[in-house]
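Nothing in this text is a laboratory measurement; each read-out follows from the coordinates by a stated rule. Predicted model only: the values in this text are computed from it and were never measured. For neighbour counting, all protein chains shown are included, and Cβ atoms are generated from backbone atoms with ideal geometry for every residue, glycine included.
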Amino acid sequence: MTAGDLPGIAAIAAALADRRLRIVDLTLTLDPDFPTIVLPPELGPSAPFRIEEISRYDHRGPAWYWNNISMGEHTGTHFDAPAHWVTGRDLAKGTVDAIDPQNFIAPACVIDGSAQAAVNADFLLEIEDIETWEAANGPIPAGSWVLMRTDWSKRSPELYANLRADGAHTPGPSAEAIRFLVERRGILGFGAETIGTDAGQAHNFLPPYPAHSFLHGAGRYGLQCLTNLDLLPPTGALLIAAPLKIVRGSGSPLRALAIVPSV
Ligand code: 23J
Ligand code: MN
């Protein structure tokens with residue numbers, strides 16, 4: 001590409017300013033009441049989001065307001081890096097501080113599974129669903145995000161986690177579908193509205209947690225607890241998803257934004 005072919009940044013700025021391009025916030029609010037992933041009790045727990053006031057224009061700091069915050073890396077709307085999973089442990093650039101930032105802006109394909117998830121909490125996206133989507137929207141381009149819409153983010157906290165005695169019941173991709181997206185389509189990553197990129201029952205799949213296993217083993221990324229996927233077109237959105245630069249971090253909360261043409 002020569003300089004003359006480059007898209008005009010000034011034109012993009014103008015379209016954002018007059019809202020021909022809109023920003024859709026795909027991020028849930030970090031809130032201590034929001035559920036985090038629940039693993040069996042013998043495994044290490046992930047800490048919830050905590051927020052504690054340092055001062056608020058008072059004797060602790062007369063002219064300033066600020067808070068201390070803490071949380072697990074995989075809390076709220078967050079990014080999963082390849083090193084999060086054992087399949088990605090030996091990859092170069094597997095942690096959030098080492099990922100090439102060129103990967104933090106990429107197009108998104110949105111596959112709508114909300115109708116199926118509404119009637120079946122254990123709905124699995126299959127290769128067939130992807131092929132149906134491609135028949136309508138064209139092939140999923142290599143290097144793009146695939147976001148699975150389920151409208152899960154619209155649920156109450158209790159129904160969101162959807163925990164039963166045998167674990168969480170939430171939708172996700174089948175092992176075959178995520179492998180297809182990683183190996184046949186070369187996606188950059190997979191994003192979900194649920195607590196994991198994997199379905200709630202994916203510990204029983206082969207391999208266990210196939211989304212984590214295949215994505216991260218291939219150096220790809222995950223996004224969890226996304227919201228507002230119903231506001232995105234099936235194609236044509238540009239996703240900005242840049243995790244915090246945590247030293248050797250396995251992932252991080254982030255502000256996930258989509259740029260979409262207004263219609
Ligand atoms: C650790 C173990 C299993 C899972 C997860 C974390 C996540 O979903 C995560 O946030 O990456 S399924
Ligand atoms: Mn995670």
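Judged by the ratio a/c of the largest to the smallest principal axis of the C-alpha gyration tensor, the range 1-42 counts as oblate, that ratio being 1.5 or greater while a/b is no larger than b/c. Taking the centroid of alpha carbons for each part, the range 214-262 and the range 76-146 are 8 Å apart. Evaluated at q = 0.12, 0.14, 0.16 Å⁻¹, a Debye calculation over the C-alpha positions of the chain (equal weights, vacuum) places log10 I(q)/I(0) at -0.74, -0.98, -1.25. Shown for Arg50, Arg185, Arg164: other C-beta atoms within 10 Å of each C-beta, ranked fewest to most, produce the order Arg164, Arg50, Arg185.
A Gaussian network model of the chain, with springs between Cα atoms under 10 Å, assigns the largest mean-square fluctuation among Ile23, Ile178, Ile51 to Ile51. Equivalent ellipsoid of the range 128-263: semi-axes from √(5λ) of the C-alpha gyration tensor, largest first, are 22, 18, 17 Å.
Look at Met148, Met71 and count the other Cβ atoms within 10 Å of each Cβ; fewest to most, that gives Met71, Met148.
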